[in-house]
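What follows is a set of notes on a single structure, which appears directly below.
The values are calculated or read from the model by the stated rules, or taken from the named source; none is laboratory data. No experiment lies behind these values; they were computed from the predicted model shown. Note that each Cβ is placed from the backbone with ideal geometry, even for glycine, and that neighbours are counted across all protein chains shown.
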Amino acid sequence: MTGGPGRARRRSRDWVSRPRDRLLDTRICDLGLRIEGTELERRTEQLTAELARRGFVFRPHFWLSDDWFCPDGVPGVAIPFYLAHPRLKRLERAQMLEVEGGTRSSCMRLLRHETGHAIANAYRVHLRRAWREHFGNPAQKYPETYLPRPYSKRYVIHLDDWYAQSHPHEDWAETFAVWLTPNSGWRTRYRGWSALRKLEYVDRLMEEIRARPPRVRTRRRVAPVRTLRMTLREYYADKRSRYGTDYPEFYDRHLLRLFSNDEAHRGGEPASHYIRRMRTEITGIVTRWTYEYRYRIDLVVQEMMRRCDKLDLYVVRDDPRMKLDLVSCLTTIVMNYLHSGNFMVAL
């Protein structure tokens, strides 16, 4: 016998110290990942404790997969594999500029949201007439994109991008998540909103079903991490393609107001170099104020740099007002994109 379980575990974690290029060529199923013994275990334990304090007998099951989701008909929650190890979280940030669910607070928000879907599946509450009266037709086809109304008071606000507005099932999951969140003060926060009626319905419905055993008890796992045979490189290539967008040349008129293509300025700093210097700072500012994914905003910045080179643009001045103008320009382009109906729906 040449080795035991301990040696196998050591071999399965050899990837932790690999250079990034070698790590990217590792298959996800070969990473040997699990929830047990990680910070995710503490997060899922917190979620089940929150359900227990509310008197639920139901407990969702959790597994690692390629993204956050709750499959149709399954009373459980898939969690993205990269949250199971610090090295993979760093890789996710390097590839996508952020880690969805990477902090305790963001992870709990997502777990509560997905648990709302799991409870709907477990008790089939979406088949009730009252559920449909409050949230709409659950059979409605999921759109690829949606145009939110930021000032609408018909929907709660939990995840970014006014996600409750994307589909009746998401409206339900977001409303449930707000209801479940400890000390959310939802009665006060949503006083005067029509969304309060949905929260009160959730409150009554949960009072009715929480002590009942679930109608659907399957522990099925869809796309578990052990079946993910793509390499990390393939995974991120696909993920970036799904987040990417073709940006029109309406950039040009904004950039021509900001920079100059006059020959008198061609000895100065190229506009693309200036944007690159400011890239991290301005992307962070616009991310905070638009609530859009940092990766998508960075795609806009990259396109701005390409258009600047194409138009042969140069910096006219380098002062605090110029940076403010650049942030304003980026925000204008991003908001033009967002409010044209291009919020992506995560299925």
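Just a few scattered comments:
- Scanning the range 25-74 for residues that are small (G, A, S), closer than 24 Å to L88 by Cα and in contact (Cβ under 8 Å) with a residue 12 or more places away in the chain turns up G32, S65.
- For the range 180-214, filtering for residues that are among the basic types (K, R) and either in a loop (DSSP other than H, G, I, E, B) or not assigned by TED's automatic domain parsing to the domain that holds H169 (or both) leaves 3.
- Per this entry, R217 is counted among residues that are not in a helix (DSSP H, G or I) and not assigned by TED's automatic domain parsing to the domain that holds L313.
For (1) in the same structural domain as Y163 (by TED's automatic domain parsing); (2) of a type outside the set (A, V, I, L, M, F, W, C); (3) over 26 Å from W15 (Cα atoms); (4) surrounded by fewer than 18 Cβ atoms within 10 Å (Cβ to Cβ), each residue gets a yes or a no:
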{"position": "G76", "(1), (2), (3), (4)": "yes, yes, yes, no"}
{"position": "V99", "(1), (2), (3), (4)": "yes, no, no, no"}
{"position": "S106", "(1), (2), (3), (4)": "yes, yes, yes, yes"}
{"position": "Y123", "(1), (2), (3), (4)": "yes, yes, yes, no"}
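- Among the residues listed as T280, T231, the single one being touching a strand residue (DSSP E or B) at 6+ places or on another chain (Cβ under 7 Å), surrounded by fewer than 19 Cβ atoms within 10 Å (Cβ to Cβ) and either outside the structural domain of E36 (by TED's automatic domain parsing) or under 30 Å from L64 (Cα atoms) (or both): T231
- Here G116, G136 are screened, and the one residue that is at positive phi and in contact with a helix residue (DSSP H, G or I) (Cβ under 9 Å, 6 or more places away or on another chain) is G136.
- Residue satisfying all of: in the range 241-267; within 18 Å of R306 (Cα to Cα) and aromatic (F, W, Y); modelled with the highest pLDDT among these: F259
- Residues that are assigned to a loop (DSSP other than H, G, I, E, B) and hydrophobic (A, V, I, L, M, F, W, C), drawn from the range 132-161: A139, L147, V156, I157, L159
- Taking the listed residues A164, A118, the one that is assigned to a helix (DSSP H, G or I), among the small types (G, A, S) and in contact with a Cys (Cβ under 7 Å, 6 or more places away or on another chain) is A118, with no other qualifying.
- Failed item in (1) in contact with a helix residue (DSSP H, G or I) (Cβ under 9 Å, 6 or more places away or on another chain); (2) surrounded by 14 or more Cβ atoms within 10 Å (Cβ to Cβ), with V222 passing the rest: (1)
- Criterion (assigned to a loop (DSSP other than H, G, I, E, B) and closer than 30 Å to P148 by Cα) met by exactly one of E281, E292, E303: E292
- Single condition E144 does not satisfy, out of (1) crowded, with 20+ Cβ neighbours inside 10 Å; (2) of a type in the set (D, E); (3) more than 30 Å from A49 (Cα to Cα): (1)
- Set side by side, the residues K310, K323 differ, and just one is at pLDDT below 90, over 26 Å from W162 (Cβ atoms) and assigned to a helix (DSSP H, G or I), which is K310.
- Complete set of residues in the range 44-74 that are within 21 Å of E98 (Cα to Cα) and either not acidic (D, E) or not assigned by TED's automatic domain parsing to the domain that holds T218 (or both): L64, S65, W68, F69
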